[in-house]
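Colleague: The following block contains the structure, expressed as structure tokens.
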Amino acid sequence: MDQQKEIIVQTAIRMFHQLGIRNVSIDDICSELRISKKTFYTHFQQKEELVDAVLSFDKLKHMDRYERNLAGKNAIDALIYTVREIKKNSDCQPQALWHDVKKFYPKVYEKHETEKRCSIRSSFEDNLRQGIAEGYYRKDLDVELISLFHTVQMKTSFEMMEENSKKYSKRRLLEFFIDLMIHLIANEKGLEYMQKNYLNEEQKHHANG
């Protein structure tokens with residue numbers, strides 16, 4: 001992405017987050033940057049292309065941080081970090097912005113939702129293969145089906161967390177979901193690692209809570 005195009009995207013991100021997509025016109029962005037609409041249209045043919053670029057730019061930024069934080073982690077640590085990170089991003093996602101995207105730019109919304117689902121499933125598959133290679137996961141796992149199950153189950157679990165947030169804490173539900181995942185895929189070595197490194201952590205949290 002060339003410098004001027006990136007400046008347009010970054011300005012749009014800030015304005016979209018502050019005001020909402022529908023409340024920010026191409027004229028507003030051009031005025032903010034003091035550029036002509038002709039200059040804008042050399043980079044984006046229409047606002048829908050800009051919205052798509054904004055979501056792609058945001059995703060790349062998050063993925064870069066995610067991959068750096070994942071480096072050096074074993075499969076169990078990586079899986080737990082991934083699930084917690086997906087949940088955190090889901091909670092922090094600007095709802096008004098995504099509501100606008102879904103309502104007014106459905107093709108862009110569906111494109112990015114599909115990419116997100118594929119990325120999550122691919123990440124699970126990589127993690128399963130890593131865990132099998134490291135000796136933490138069972139060797140007889142059906143990697144494709146388990147990753148599909150995790151992806152679908154996680155979406156359902158996150159929805160359940162929202163529906164039952166008054167009765168159960170999100171942390172309690174999230175850790176319960178992680179525990180189920182690990183017990184489904186881990187072998188004895190993996191369960192021992194989980195017991196040693198995460199059970200004590202949860203016991204301390206509940207004791208302090």
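The values are calculated or read from the model by the stated rules, or taken from the named source; none is laboratory data. Because the structure is a prediction, the values reported are computed rather than measured. All Cβ positions, even for glycine, are placed from backbone atoms using ideal geometry, and neighbour counts span all protein chains on display. Side chains are part of the model used for accessible areas, which takes the heavy atoms of the whole protein and leaves out ligands, DNA and RNA. Shrake-Rupley method; radii C 1.70, N 1.55, O 1.52, S 1.80 Å.
Colleague: Under the Kirkwood approximation applied to all pairs of distinct alpha-carbon atoms, what is the hydrodynamic radius of segment 63-107 in Å?
Modeller: Computed over Cα pairs of segment 63-107, the Kirkwood hydrodynamic radius comes out at 12.3 Å.
Colleague: Between residue 137 and residues 5 or more places away or on another chain, which pairs have amide H atoms under 5 Å apart, with H built 1.01 Å from N, and which residues are they?
Modeller: Amide H neighbours of residue 137: 132, 187.
Colleague: Per residue of the chain, what 222 nm ellipticity follows from adding -39500 (n - 2.57) for every DSSP H run with n ≥ 4, rounded to the nearest 500?
Modeller: For the chain, the value works out to -26000 deg cm²/dmol.
Colleague: Would you please give the FRET efficiency between residue 149 and residue 31, computed as 1/(1 + (r/R0)^6) with r the Cβ-Cβ distance and R0 = 41 Å, to the nearest 0.05?
Modeller: Approximately 0.25, to the nearest 0.05.
Colleague: Another question, if that's okay. With the cut-off at 26 Å, tell me which of the pairs 107/170; 59/166; 47/102 have Cα atoms farther apart than that.
Modeller: Violating the 26 Å Cα-Cα cut-off are 107/170; 59/166.
Colleague: Helix by helix, which DSSP H runs in the chain go 27 Å or more along their axis at the Cα atoms and have an average Kyte-Doolittle hydropathy of -0.5 or more?
Modeller: Those that pass (Cα extent of 27 Å or more, hydropathy at least -0.5) are 143-163.
Colleague: Return an integer: the convex hull volume of the alpha-carbon atoms of the chain, in Å³ per residue.
Modeller: Hull volume normalised by residue count: 147 Å³.
Colleague: Given all pairs of different Cα atoms, what value in angstroms does the Kirkwood hydrodynamic radius of segment 83-178 take?
Modeller: It is 15.1 Å.
Colleague: Report the calculated FRET efficiency for residue 98 and residue 39 (r = Cβ-Cβ distance, R0 = 22 Å), to the nearest 0.05.
Modeller: 0.20
Colleague: Using Cα pairs under 8 angstrom and six or more residues apart, how large is the relative contact order of the chain, in percent?
Modeller: Over the chain, the number comes to 19 percent.
Colleague: If ligands, DNA and RNA are left out, what is the accessible area of residue 118 with a 1.4 Å probe, given in Å² to the nearest 10?
Modeller: So the heavy atoms of residue 118 present about 80 Å² to solvent.
Colleague: Counting only the heavy atoms of the protein chains, how much of residue 108 is accessible to a 1.4 Å probe, in Å² to the nearest 10?
Modeller: 10 Å²
Colleague: For residue 38, go through the aspartates and glutamates and keep the ones whose alpha-carbon is under 12 Å away, minus same-chain ones fewer than eight residues off.
Modeller: Result set, ordered by chain and number: 27.
Colleague: Could you work out the relative contact order of segment 14-127, using alpha carbon pairs under 8 angstrom and six or more residues apart, expressed as a whole percent?
Modeller: Relative contact order, segment 14-127: 33 percent.
Colleague: Using the scaling law 2.2 N^0.38 Å as the reference, what is the normalised Cα Rg of segment 90-144?
Modeller: 1.63
Colleague: Follow-up. Between residue 68 and residue 115, what is the spin-label point distance in nm, taking each point 7 Å from the Cα along the Cα→C-beta axis?
Modeller: 2.1 nm
Colleague: Taking the Cα centroid of segment 46-80 and of segment 1-43, what is the distance between the two, rounded to the nearest whole Å?
Modeller: That distance is 22 Å.
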